[in-house]
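What follows is calculated from the coordinates using simple rules that are stated; it is not laboratory data. What you are looking at is a predicted structure, and each value in this text was computed from that prediction instead of being measured. In this analysis, Cβ positions are derived from the backbone assuming ideal geometry, glycine residues included, and neighbour counts consider all displayed protein chains.
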Amino acid sequence: LAHPRFASLTGDRAARVIGMLLIIPCASILVPLPLTNTVPGIGVALAAIGLIERDALFVILGLVVAMIWVTILVVGGPALLYFLIDYMLASGSAA
């Protein structure tokens, strides 16, 4: 599936930029919450395969998958926390 495509987007300079972009999903993998590591891990793996094979399509797909998941965590995490707090206060189980 992976083969050299758009080689200019996976050159040395681009690889450095891609590496800096991958810091964000790699940092989200460090958070020890259940079921939150698989999707960014798949994104990072796709980007790594793309860099190894010089396939920019895999790199872009990996970055998109990882960044969408990180966005969901950043936006959905606080929303879920507020929902749980409101639910606990409404049900009277918060002491």
Point to revise | Calculated P(r) of the chain - Cα pairs past 17 Å, % | key: 56 percent
Review point. Which distance in nm do the two modelled labels at Met88 and Val17 give, with both placed 7 Å along the Cα-to-Cβ direction?
Key: 4.4 nm
Exercise for review: Check every DSSP H run in the chain and write down those whose alpha carbon atoms cover 20 angstrom or more along the long axis and whose mean Kyte-Doolittle hydropathy is -0.5 or greater.
Suggested key: 38-53, 56-91
Exercise for review: Whole Å is fine, so just give me how far the alpha carbon centre of the stretch 60-78 lies from that of the stretch 12-51.
Suggested key: 10 Å
**Study point:** Helical contribution to [θ] at 222 nm, DSSP H n ≥ 4, -39,500 (n - 2.57), averaged over the chain, rounded to 500
**Key:** -24500 deg cm²/dmol
Practice item. Pull up all non-local amide H partners of Asp55: gap of 5 or more, or a different chain, and H-to-H distance under 5 Å with H placed in the peptide plane. Key: Arg5
